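Peer 1: Let me begin by handing over the structure; questions about it come next.
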């Protein structure tokens, strides 16, 4: 028997089982309607859950992209200071992040697809539940046993199939969301612990930043010194016109700043 | 005739398109029997595409049961095996 036929028979037998449960077929209608409403709220929750997961992944992508930009900056800085080794280290770490980001983006797309599918499933179920409710009231109002049974059977198998389908969709979305959340949790922890600074496990902590910082503060001191030295000469010439006291002051000033800068190191 | 693709909804398919769909369906079955995930996936994708191409979406508010039901597009072999065993379905 064909695959398509086999699956549809299984769905039908499930729907029929639900139908056999109640003695009065009209009770079956009410019971089924209640289940439909339950399923509708379940699918709404499902959509919300998937959206939450998606937003979380978005947030993580942003964080990792910031981290990646920071490493890029560091590489640039390192190159401008002739430290190719540091630049290489920063770029290596960045490439580790790039893989993570690509992974997360793929997951993000998957979650978005799941969210769209569930939203559509929700709309379809909503439309069918609405029809079912109308039909249920009609059947109950015009109830004569034989006629009603046929119409109940029709309504039940139609809605039963949709419910089975939506139920499956919810289950799949839940499974996927759970997987993503486990992964997202792991990445959150990594970000919090700062271990992602160290994705390639060379070195420890953000040593690139530390080294660049100490290099650039040395460079800052040097350039400040150079500026002061350059600045003090014309001042000294001017001061010479005004007399020896001022000249002495302008000589003394760079001296104090220089020693302050040295103390700061 | 009404064909449902799980997760996508129902399609109205003309009866004369059925022969072609049956061929595609046989390919899916062959993939399942051979436990060949690759073959199964590509055959399923072709079958679902076939239904989407020849079919028109069925009225969403109708309560008609489908004549045929197909697995969702990204179903794995194991998931279809589950479907066929009747597990994992929420009874109507």
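Each value in this text was obtained by applying a stated rule to the coordinates, not by laboratory testing. Not measured: the values here are computed from a predicted model. Note that we place each Cβ from the backbone using ideal geometry, even for glycine, and neighbour counts take in every protein chain shown.
Peer 1: Taking Cα pairs under 8 Å and at least six residues apart, what relative contact order does chain B come out at, in percent?
Peer 2: 39
Peer 1: Continuing with the same structure: Is there a simple number for the mean count of other chain Cβ atoms within 10 Å of the Cβ of residues in A:161-173, and what is it?
Peer 2: Taking all residues of A:161-173 together, the mean is 6.
Peer 1: Using the beta-carbon distance between residue B:15 and residue B:81 and R0 = 41 Å, what value does 1/(1 + (r/R0)^6) give for FRET efficiency, to the nearest 0.05?
Peer 2: Efficiency at R0 = 41 Å is approximately 0.90.
Peer 1: Give the relative contact order (percent, whole number) for the range B:16-55; include only Cα pairs under 8 Å separated by 6+ residues.
Peer 2: About 42 percent, as a whole number.
Peer 1: Using r as the Cβ-Cβ distance of residue A:59 and residue A:34, and R0 as 56 Å, what FRET efficiency do you calculate, to the nearest 0.05?
Peer 2: With R0 = 56 Å, the Cβ-Cβ based efficiency is 0.90.
Peer 1: Let me ask another. Quantify how strongly other chains surround peptide A:129-135 by giving the mean number of their Cβ atoms within 10 Å of each of its Cβ atoms.
Peer 2: 2
Peer 1: Restricting to DSSP H runs of at least four residues, report the calculated mean residue ellipticity at 222 nm for chain B, -39500 (n - 2.57) per run over all residues, nearest 500 deg cm²/dmol.
Peer 2: About -15000 deg cm²/dmol.
Peer 1: Measuring from the lowest to the highest alpha carbon on each principal axis, how far does chain B reach, largest first, in angstroms?
Peer 2: Dimensions of chain B along the principal axes of its Cα atoms: 36, 31, 17 Å.
Peer 1: Moving to a separate point now. Using a basic spin-label model with each label point 7 Å from the Cα along Cα→Cβ, how many nm lie between residue A:88 and residue A:181?
Peer 2: Distance between label points: 4.5 nm.
Peer 1: Contact order normalised by length for the range A:1-143, with contacts defined as Cα pairs under 8 Å and 6 or more residues apart; what percent is it?
Peer 2: 32
Peer 1: To continue, here is another question. Using the beta-carbon distance between residue A:95 and residue A:188 and R0 = 22 Å, what value does 1/(1 + (r/R0)^6) give for FRET efficiency, to the nearest 0.05?
Peer 2: The pair residue A:95/residue A:188 has a calculated efficiency of 0.50.
Peer 1: Need the full-extension length gain, residue A:13 to residue A:102, defined as separation in residues times 0.36 nm minus the C-alpha distance. One decimal, nm.
Peer 2: Gain in length upon complete extension: 27.6 nm.
Peer 1: In peptide B:71-79, how many Cβ atoms from other protein chains are near each Cβ within 10 Å, on average?
Peer 2: The per-residue average across the peptide is 2.
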